[in-house]
Amino acid sequence: MAALPSLRQLSYLVTLSETLHFTEAARRSFVTQSTLSGGIMELERLLGGVLVERDRQNVRLTPLGEQVVARARVLLADAQDLMRLSREMSEPLTGDLHLGIIPTMAPFLLSQLLEEVHKQLPKIQLHLHEAQSEKIVEKLEHGNLDMVALALPFDTRNLKVAEIAKEDLYLVYHKADQKAANANSLQDLDLSRLMLLEEGHCLRDHALSACPIGERKNDSRLKASSLPTLVEMVSSNLGFTLLPEIAIHNNMIKCNEELMVKSIEAAPNRTLALVTRKSTPLQSEFDVLLQIFQKISSELQA
């Protein structure tokens, strides 16, 4: 049987792909630069191709190197899952659990989530990481997160997905906006006044999915970096927006006397989901966390 690359060699290459600097990659790998360089050279010999282009000023991956890095990330994540499997078999529902969650879910679910995890998973140390969908899915694939909570539709690649709940998006507008007050659907509104989150937030894409193609292509409207900012923009009567049901019950909407909320026909919707790797050793934790999310979402929608 031909010699195979080692996980250590693959980890050197992945780290170098992140830094594009041999000295920094060696520091992060806790080895000398010569050890890291030698490991990558041996990897190139085993694979029979050049993975890294080097000169005095630049380090870059070759097309082969980029493909090897992509596969190496999966192998390294699977190896981490394998290492945790024995712990999970001997001591289930214990230890650290790293959960990624998107900003349009986190503010409305986290307080109840932490309370329920403390009750149902008392030996689990939950670490929360809030970021946009693309970033947390990438971290999940790389083994840096154990699970992520996000909203579909979103490309979840070859990951395991379980539905938490479905929810419509509601029209939120200023009380002085008579056109919005009389609207039954998006077609009744001036979509140039539709306030959205900035690019990268999946809620933005979900809202735009119900808009005409022209509106999606020519999007020059004002954009907000967070939901509180978006709500303040609508509260100032700069336009209207579409918010998910879990946000409607929050105090930033309920306590704002300037805002009105209504459902509309053919409203865009999203599906909240919990996602993990298919190789996860934390299936028991995944099942309990899924039930917790479903319980919280059900209570918010009641």
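The values are calculated or read from the model by the stated rules, or taken from the named source; none is laboratory data. Computed from a predicted model, the values in this text were never measured in an experiment. Using ideal geometry, Cβ is built from the backbone for each residue, glycine included, and neighbour counts are taken over all protein chains shown. Heads up: the accessible areas ignore ligands, DNA and RNA and are worked out on the full protein's heavy atoms, side chains in. Shrake-Rupley method; radii C 1.70, N 1.55, O 1.52, S 1.80 Å.
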When the range 163-172 is checked residue by residue, the ones that are over 15 Å from SER298 (Cα atoms) and open to solvent by 20 Å² or more (accessible area, probe 1.4 Å) are TYR170
Scanning the range 173-184 for residues that are in contact (Cβ under 8 Å) with a residue 40 or more places away in the chain and open to solvent by 50 Å² or more (accessible area, probe 1.4 Å), the one farthest from the chain's Cα centre (by Cα) turns out to be ALA176
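So that you can scan it fast, the table gives a plain yes or no per residue for (1) over 11 Å from PHE240 (Cα atoms); (2) of a type in the set (Ser, Thr, Tyr); (3) at pLDDT below 90:
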site: VAL172; (1), (2), (3): no, no, no
site: ALA180; (1), (2), (3): no, no, no
site: ASN184; (1), (2), (3): yes, no, no
site: LEU197; (1), (2), (3): yes, no, yes
site: CYS202; (1), (2), (3): yes, no, yes
site: ALA210; (1), (2), (3): yes, no, yes
site: GLY214; (1), (2), (3): yes, no, yes
Which pairs have Cβ atoms under 8 Å, sit 6 or more apart or on different chains, and link a residue in the range 185-198 that is under 17 Å from ASN269 (Cα atoms) to one that is assigned to a strand (DSSP E or B) and open to solvent by 20 Å² or more (accessible area, probe 1.4 Å)?
MET195/LYS223; LEU196/LYS223; LEU197/LYS223
In the range 274-292, how many residues are hydrophobic (A, V, I, L, M, F, W, C), under 24 Å from LEU76 (Cα atoms) and in contact with a helix residue (DSSP H, G or I) (Cβ under 8 Å, 6 or more places away or on another chain)?
3
Sole residue being in a strand (DSSP E or B), modelled with pLDDT of 90 or more, among the aliphatic types (A, V, I, L, M) and surrounded by 16 or more Cβ atoms within 10 Å (Cβ to Cβ), chosen from LEU99, LEU140:
LEU99
For the range 232-263, the count of residues that are at pLDDT 90 or above, aliphatic (A, V, I, L, M) and crowded, with 17+ Cβ neighbours inside 10 Å equals 6
Return only the number of the condition from (1) in contact with a Ser or Thr (Cβ under 9 Å, 6 or more places away or on another chain); (2) among the charged types (D, E, K, R); (3) open to solvent by 60 Å² or more (accessible area, probe 1.4 Å) that ARG84 does not satisfy.
(3)
I need the full set of residues from the range 21-43 which are open to solvent by 80 Å² or more (accessible area, probe 1.4 Å) and farther than 26 Å from ASP81 by Cα, in order please.
HIS21, GLN33, SER34, MET41
For the range 185-210, which positions are assigned to a loop (DSSP other than H, G, I, E, B) and buried (at least 19 other Cβ atoms within 10 Å of the Cβ)?
LEU189, MET195, HIS201, ALA210
Scanning the range 143-155 for residues that are outside any loop (DSSP other than H, G, I, E, B) and out of contact with any Leu (no Cβ under 6 Å at 6 or more places or on another chain), the one most open to solvent (accessible area, probe 1.4 Å) turns out to be LEU152
If we keep only residues of the range 6-20 that are buried (at least 17 other Cβ atoms within 10 Å of the Cβ) and in contact (Cβ under 8 Å) with a residue 60 or more places away in the chain, then the residue farthest from MET83 (Cα to Cα) is VAL14
How about the range 108-137: which of its residues are surrounded by 17 or more Cβ atoms within 10 Å (Cβ to Cβ), touching a residue at least 40 places away in the same chain (Cβ under 8 Å) and within 23 Å of HIS201 (Cβ to Cβ)?
PHE108, LEU109, LEU113, GLN132, SER133, VAL137
